[in-house]
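The values are calculated or read from the model by the stated rules, or taken from the named source; none is laboratory data. What you see is a predicted model, and the numbers here were worked out from it, not measured in a lab. Glycine also receives a Cβ, built like all others from the backbone with ideal geometry; neighbour counts cover every protein chain displayed.
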Amino acid sequence: MNAIPARFEPHRIEPTKQPGWLGWALEFFSGPDLQNPHVDVTLQLDVTRAWARYRAAPSAAPLADSFFSFLVWHLAQALARHPSFNLRKIDGVWYRLGNPPIFIPVAVGGDERFRSLVLDDVYRQDLATFSARYRDRLARVRAEAGEEAGANEIFRFAHFIGNLSNLRFTGLTLHWRPAQMVGQSFFYFGQRYADGERMLIPLSARLHHSCTDPFVLNQLIEDFNGRFDQD
């Protein structure tokens, strides 16, 4: 059993002492006899306001290198405000992580297909700092063969946020490993497209039902969208 890195700010919790839903769901939906504890939801997310905010930045000082990275940072800031998405069951023990990493699969083609990009401390970073680190890490991942050091060990602590920019999917179901992925939510953004005057983007969310569900996903999305109403 490996200790959780202190930089992820782990706080051990006792499931039976949690209020309401979590008090029984944490253990019920993470038990060994449950075949699939996930709820898969795919939305056509209205990002009209987010797209306008991203495009409004001057070209000499862009907010982010790509619309995807812009969305990742804002989603991370929203996730920081919703404790249910920060719960992980590690080696049979439940923890709330105060500063989990972000894990992004990067398509590189060839036999490798994907490499791993890991970003720490995103909850504490402003958009400019995040964008600079994202740009640097992405360039390194694309240039260097093989997995990023420690990516496999870090994976189970992380928020998984992927980008399928060429696919306008209407449904997406992901795989999982029970020994490695307990409590995690997975997010995939798809290909953005115009629908009249609106800009939409597919968003697939795989929710671990022990700690998340469509109700808290709706709260997360409302918080995420509300960020683009701010000046």
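Between ALA52, ALA64, which is crowded, with 20+ Cβ neighbours inside 10 Å and either more than 19 Å from VAL182 (Cα to Cα) or of a type in the set (Gly, Ala, Ser) (or both)?
Working: ALA52 fails: crowded, with 20+ Cβ neighbours inside 10 Å.
After ruling out the rest, the residue left standing is ALA64.
If you scan segment 192-220, which residues turn out to be under 16 Å from the mean Cα position of the chain (by Cα) and among the aliphatic types (A, V, I, L, M)?
If the condition is that a residue be under 16 Å from the mean Cα position of the chain (by Cα) and among the aliphatic types (A, V, I, L, M), then ILE201, LEU203, ALA205, LEU207, VAL216, LEU217, LEU220 are the ones that fit.
Could you check segment 187-220 and list, in sequence order, the residues that are among the β-branched types (Val, Ile, Thr) and surrounded by 18 or more Cβ atoms within 10 Å (Cβ to Cβ)?
ILE201, THR212 - these are the residues of segment 187-220 that are among the β-branched types (Val, Ile, Thr) and surrounded by 18 or more Cβ atoms within 10 Å (Cβ to Cβ).
(1) modelled with pLDDT of 95 or more; (2) touching a Phe, Trp or Tyr at 6+ places or on another chain (Cβ under 6 Å): which one isn't true of PHE155, the others all being true?
Condition not satisfied by PHE155: (1).
Among residues belonging to segment 1-49 that are closer than 30 Å to ASP229 by Cβ and in contact with a Lys or Arg (Cβ under 6 Å, 6 or more places away or on another chain), point out the one that is surrounded by the most Cβ atoms within 10 Å (Cβ to Cβ).
In this case the residue turns out to be THR48.
Quick check on my filter: what residues within segment 221-231 are among the acidic types (Asp, Glu) and surrounded by 12 or more Cβ atoms within 10 Å (Cβ to Cβ)?
Step one: of segment 221-231, the residues among the acidic types (Asp, Glu) are 222-223, 229, 231.
Selection gives ASP223 alone.
Which pairs turn up if I take residues in segment 65-92 that are closer than 14 Å to TYR123 by Cα and without any contact (Cβ under 8 Å) to a residue 40 or more places away in the chain and look for partners that are part of a strand (DSSP E or B) and of a type in the set (Lys, Arg) with beta carbon separation below 9 Å, at least 6 apart in sequence or on another chain?
Close Cβ pairs satisfying both conditions: PRO83/ARG96; ASN86/ARG96.
I need the full set of residues from segment 1-28 which are over 18 Å from TYR123 (Cα atoms) and either among the acidic types (Asp, Glu) or not in a helix (DSSP H, G or I) (or both), in order please.
Within segment 1-28, MET1, ASN2, ALA3, ARG12, ILE13, GLU14, GLN18, PRO19, GLU27 meet the criteria.
Hey, among the residues in segment 178-231 that are touching a helix residue (DSSP H, G or I) at 6+ places or on another chain (Cβ under 8 Å) and small (Gly, Ala, Ser), which one's farthest from PHE103 (Cα to Cα)?
Once the filter is applied, the top-ranked residue is SER210.
Output the residues belonging to segment 8-50 that are under 19 Å from the mean Cα position of the chain (by Cα) and over 15 Å from ARG96 (Cβ atoms).
Filtering segment 8-50 down to residues under 19 Å from the mean Cα position of the chain (by Cα) leaves 8-10, 37-47, 50.
Residues satisfying the conditions are PRO37, HIS38, VAL39, ASP40, VAL41, THR42, LEU43, GLN44, LEU45, ASP46, VAL47, ALA50.
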